[in-house]
Amino acid sequence: MSRVLEFAKRLIAAPSVTPARGQVFDAMEAMLAPLGFAVHRFIAGEGEEGSEDAPVENLFAIRHGPPGSRHFAFAGHLDVVPPGEGWSSAPFAPEVRPNPGGDLLYGRGAVDMKGAIAAMVTAVSDVPQGAGTLSFIVTGDEEGPAQHGTRALIDHMRAVGDIPDLCLVGEPTSVHRLGDMMKIGRRGSTILWIEVEGREGHVAYPHLADNPIPRLVAILAELDAMVLDTGNDWFQPSNLEILDITVDNPASNVIPHLAQARVSVRFNATHTGAELGERIAAIAARHGARTEQRIYGEAFLTPPGAFSAMVAEAVEAETGLRPEPSTTGGTSDARFLKDLCPVIEFGLCNATMHKRDEAVAVADLETLSRIYRRIVETALKQQNWGNA
Ligand SMILES: [Zn+2]
């Protein structure tokens, strides 16, 4: 059995539905410690199980090169989404099955993203210590609220002064074939709650009441008509969607007291969550409404340059495909890591992620570990990042 396959099976065999702690991190530590990595594990979050502040485990492992070395980091997560029903084999009992296109490894996390973590560990296992500084930034809370995951890891890295020069996130970015897509950015995400308060009354006496619904409708019409931007070379246009409108009014002769709505904005790197929140709040305020906002993630962009070229060349050398630089899809932990250094995401095919019978081609695991190995070697060698 190849080493990457063995590592992937070991990780899948440790159940780790988000938020992950314990066994799966034991398995990870057991792989990294023999390679000379100093492994630091810690629990963050002190809330109740099931709450946003539930305790999660995080791992930062580093192997320092000679003084002045470049520092290359791999980032990812060991938690997985719940397996759900209907699997053809047990989700946490990794199983290799023959398939006309090549053997497949089944198990929850095979592509998102224990397979990629196994490929990262395999990639570094033959890199000599003198080549440079390598680290692993691994959380147990990416699939959950992500309050105490990568953010806490970044705090730790800042506290100990180990800031990478470049970071590669191993999310499953490939679509049809391993190598066809990488992510050089992601859109940000925010939600706003809008609340219009009126005065209730009898529909036959509207002059004695104040109906909040027309004001809410006016606000939503303005928001819906707003053109946030027209997109650019790397991002599709930012988009606002009205998610719901709530007026609790069972009666047919009562003007209601309150009308509420919720809007979501997925925005590109020409905006920040706070700026959009202020714009929407200002429109709402003109109609006498209040807003509340939650920012789930800011947008990030690592503009095409030396780093994306390095990843693309490694992918092309191993697969013959030139990966499309994309910014599509949901948020990822790159939204936090971008504050440390340039970040790019590249990983396995995402067709079965979060589904039952999640599976990865064994050959893809092997190819991915070779791609990662090329990226590490080039990254540590290259002294001048220029426009990373
Ligand atoms: Zn993932």
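Remarks
- Dimensions of region 1-154 from C-alpha coordinates, computed as largest minus smallest value along each principal axis and given longest first, are 52, 44, 20 Å.
- Per-residue [θ]222 nm for the chain (sum of -39500 (n - 2.57) over DSSP H runs n ≥ 4, rounded to 500): -8500 deg cm²/dmol
- Ligands, DNA and RNA left out, the accessible area of the chain computed with a 1.4 Å probe is 51% carbon and sulfur.
- Within-9-Å neighbourhood charge of G109 [Cβ basis; K, R +1; D, E -1]: -1
- For H354, the accessible surface of its heavy atoms amounts to roughly 90 Å² (probe 1.4 Å, protein chains only, rounded to the nearest 10).
- Longest segment of the chain lacking GluC sites (Glu not before Pro) that sit in a DSSP loop with at most 15 other Cβ atoms within 10 Å: 86-388
- With every protein chain in place and a 1.4 angstrom probe, the accessible-area ranking of T352, T190, largest first, reads T352, T190.
- Using the Cβ of E275 as centre and a radius below 14 Å, the other residues enclosed give a net charge of -2, where K and R count +1 and D and E count -1.
- The residues I242, I255, sorted by heavy-atom accessible surface at 1.4 Å with ligands and nucleic acids left out, run I242, I255 from largest to smallest.
- Qualifying lysines (Cα of each under 18 Å from Cα of K183; at least 8 residues distant if same chain): K338
- Radius, Kirkwood style, for region 188-297 when every pair of distinct Cα atoms is counted (Å): 14.9
- Unit charges on C-beta of K, R, D, E only; dipole of region 246-295, Debye: 80
- Value in Å of the Kirkwood radius, where the chain supplies the Cα pairs that are averaged: 22.6
- Straight-distance crosslink candidates among lysines, where the alpha carbon sits under 21 Å from K9 and sequence neighbours closer than 8 are dropped: K114, K355
- When the surface is traced with a 1.4 Å probe over the full set of protein chains, W234 keeps roughly 90 Å² accessible.
- Charge tally in the Cβ shell below 9 Å around A379, where Lys, Arg are +1 and Asp, Glu are -1, A379 excluded: 0
- In this view, the solvent-accessible surface of Y205, computed with a 1.4 Å probe and all protein chains in place, comes to about 120 Å².
- Surface exposure of region 188-297, expressed per residue as accessible area with a 1.4 Å probe, stands at 54 Å².
- Span-like helix check, the chain: qualifying full DSSP H segments, with Cα axial length of 18 Å or more and mean Kyte-Doolittle of 1.0 or more, are 212-225.
The values are calculated or read from the model by the stated rules, or taken from the named source; none is laboratory data. Only a predicted model underlies this, so the values are computations on that prediction, with no experimental measurement involved. Positions of Cβ are generated from backbone atoms using ideal geometry, with glycine treated the same way; all protein chains shown enter the neighbour counts. Areas reflect the complete protein model, heavy atoms only, side chains present, ligands, DNA and RNA absent. Shrake-Rupley method; radii C 1.70, N 1.55, O 1.52, S 1.80 Å.
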